[in-house]
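Chemist: Can you read through this structure? Questions will come right after.
The values are calculated or read from the model by the stated rules, or taken from the named source; none is laboratory data. Just so it is clear, the model here is predicted, and its values are computed rather than measured. Glycine also receives a Cβ, built like all others from the backbone with ideal geometry; neighbour counts cover every protein chain displayed. SASA here: full protein model, heavy atoms, side chains in, ligands and nucleic acids out. Shrake-Rupley method; radii C 1.70, N 1.55, O 1.52, S 1.80 Å.
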Amino acid sequence: MEIVILPDAAAVGAAAAARIAAVVRAKPQAVLGLSTGSSPLGAYAALADLVRRGELDLSRTSAFALDEYVGLPLGSSQSYAATIAAEATGPLGLDPERVHVPDGAAADLEAACEDYERRIREAGGVDVQLLGIGTNGHIGFNEPTSSLASRTRIKTLAPRTRQDNARFFGGDLDAVPLHCITQGLGTILDARRLLLVAQGEAKAAAVAAAVEGPLSAMVPGSAMQLHRHATVLLDEAAASALTLRDYYRFTADHQPAWQRVG
Ligand code: GLP
């Protein structure tokens, strides 16, 4: 795993954008894995800047979101479909026809999960998956004890996740759905590259458990340890609980030129 400690959240966003841009410049029709929440916003802002300046064209890419709530009122602005449209599709100049989000309003949710897996497969698989991490170690909505081999499926949100996400629902815990559809850990691990971004001290314990702790379904983010091409971009605060902080800095300081991105 490549662990990069950066001075602040803006640098994390810029570094994530540089890595995604490198993938798309090499493959203009790349398949992007998008995530929601506050963590990826800096990356989206930095990508939008590159697009605005004419340094990057994302219009030929496809995109798949990680997850979606189940049980929200139709047209809810809190849905991840609405969030992705507002924060990614528009600002990044993606083709809305090729931006996919699991259908949390489907009459047959299990069929919707299978259909999502099929669509990812038919698109050729995800080239680079952007990830955040929950304070309980989840990635996507794969809550602790999620199978390391899981595929897209229906999950019940953990009480801590519902509390963390209540801020997106005006602080009203009762308004946060109980269920969701999420890509599984097995689905996420199929992406060719993983790019996890985390900012702030609230994420420090989850990051340390995912990166340095034992591989465990109790910390779904630790599944990244199984991936051959996983990068973790952290600000100082999110990196503060890592035991090998100095080693990661030493590695970055001695990175061969051919390995540098951005
Ligand atoms: C959310 C999302 C995840 C996200 C995580 C962290 O609920 N399902 O994809 O990475 O929890 O959220 P945030 O970035 O807002 O802290």
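Chemist: Enter the accessible area per residue of the chain (Å², integer; probe 1.4 Å; all protein chains in place). Walk me through the intermediate numbers first.
Modeler: Details: 11720 Å² over 262 residues.
On a per-residue basis, 45 Å².
Chemist: Share of antiparallel DSSP beta bridges in the stretch 16-148, in percent to the nearest 5?
Modeler: Details: 1 of 9 bridges.
Antiparallel: roughly 10 percent of the beta bridges in the stretch 16-148.
Chemist: Assigning unit charges at the beta carbon (Lys, Arg +1; Asp, Glu -1) and nothing else, what dipole magnitude in debye, to the nearest 20, does the stretch 150-232 show about its Cα centre? Don't skip to the end; give the middle numbers.
Modeler: Details: 10 positive and 6 negative charges, 68 e Å.
That gives the stretch 150-232 a dipole magnitude of about 320 debye.
Chemist: How far apart, in nanometres, would the label points at Ala107 and Glu201 be if each is projected 7 angstrom from Cα along the Cα-to-Cβ direction?
Modeler: Placing both labels 7 Å along Cα→Cβ, they lie 5.2 nm apart.
Chemist: So, counting K/R as plus one and D/E as minus one, what does the shell of residues with Cβ under 10 Å around Ile181 add up to?
Modeler: Net charge in that neighbourhood comes out at -2.
Chemist: Skipping prolines and chain starts, which residues have an amide H placed within reach, meaning under 5 Å, of the one on Val70, given they are 5 or more residues away or on another chain?
Modeler: Here the answer is His179, Cys180, Ile181, since their amide H atoms fall under 5 Å of that of Val70.
Chemist: Testing the spin-label approximation: label points 7 Å from Cα along Cα→Cβ at Met218 and Leu148. State their distance in nm.
Modeler: Distance between the two pseudo-spin positions: 1.4 nm.
Chemist: On to the next question. For a label point 7 Å from the Cα of Thr156 along Cα→C-beta, name the residues of the stretch 116-148 whose backbone N is under 17 Å from it.
Modeler: 141-147
Chemist: Given the options Tyr69, Ala11, Gly221, identify the residue whose Cα lies farthest towards the positive end of the charge dipole of the chain (+1 on Cβ of Lys, Arg; -1 on Cβ of Asp, Glu).
Modeler: Value computed over the given set: Ala11.
Chemist: Using DSSP to call loops (not H, G, I, E or B), can you name the GluC sites (Glu not before Pro) in the stretch 15-98 whose Cβ has at most 14 other Cβ atoms within 10 angstrom?
Modeler: Details: sites: Glu55, Glu68, Glu87, Glu97; in loops: Glu55.
Qualifying residues, ordered by number: Glu55.
Chemist: Computing the accessible area with a 1.4 Å probe over protein heavy atoms, can you report the carbon and sulfur percentage for the stretch 110-262? If you can, show how the numbers build up before the last one.
Modeler: Values: 3820 of 7150 Å².
Result for the stretch 110-262: 53 percent of the exposed heavy-atom area is carbon or sulfur.
Chemist: Okay, next question. Among DSSP beta bridges lying fully in the stretch 129-262, give the percent that are antiparallel, nearest 5.
Modeler: DSSP beta bridges in the stretch 129-262 are roughly 45 percent antiparallel.
Chemist: Another question about this same structure. Set the Förster distance to 35 Å, then compute FRET efficiency between Gln259 and Glu122 from the Cβ-Cβ distance, nearest 0.05. Please list the in-between numbers first.
Modeler: On the way: r = 33 Å, r/R0 = 0.94.
E(calc), rounded to 0.05, equals 0.60.
Chemist: Sorted by packing (mean other beta-carbon atoms within 10 Å per residue), highest first, where do 117-124, 101-108 land? List each step's numbers first, then the result.
Modeler: Details: 117-124: 14.0, 101-108: 18.1.
In descending order of packing, they fall as 101-108, 117-124.
Chemist: Projecting each Cα onto the charge dipole of the chain (Lys/Arg +1, Asp/Glu -1 at the beta carbon, about the Cα centre), which of Ala123, Pro40, Gln255 comes out farthest on the positive side?
Modeler: Checked the options; the winner is Gln255.
Chemist: Does a label point 7 Å from the Cα of Asp246, set along Cα-to-beta-carbon, have any residues of the stretch 1-39 with amide nitrogen under 19 Å, and which are they?
Modeler: 3-6
Chemist: Sticking with this structure for a sec: Report, for the chain, the % of DSSP beta bridges that are antiparallel, rounded to 5. Walk me through the numbers on the way to the answer.
Modeler: Details: 10 of 32 bridges.
Expressed as a percentage, antiparallel bridges in the chain total about 30.
Chemist: Running Debye on the chain with equal point scatterers at the Cα sites and no solvent, what base-10 log of I(q)/I(0) appears at q = 0.09, 0.13, 0.16 Å⁻¹?
Modeler: The Debye formula, applied to the Cα set alone, gives -0.36, -0.79, -1.25.
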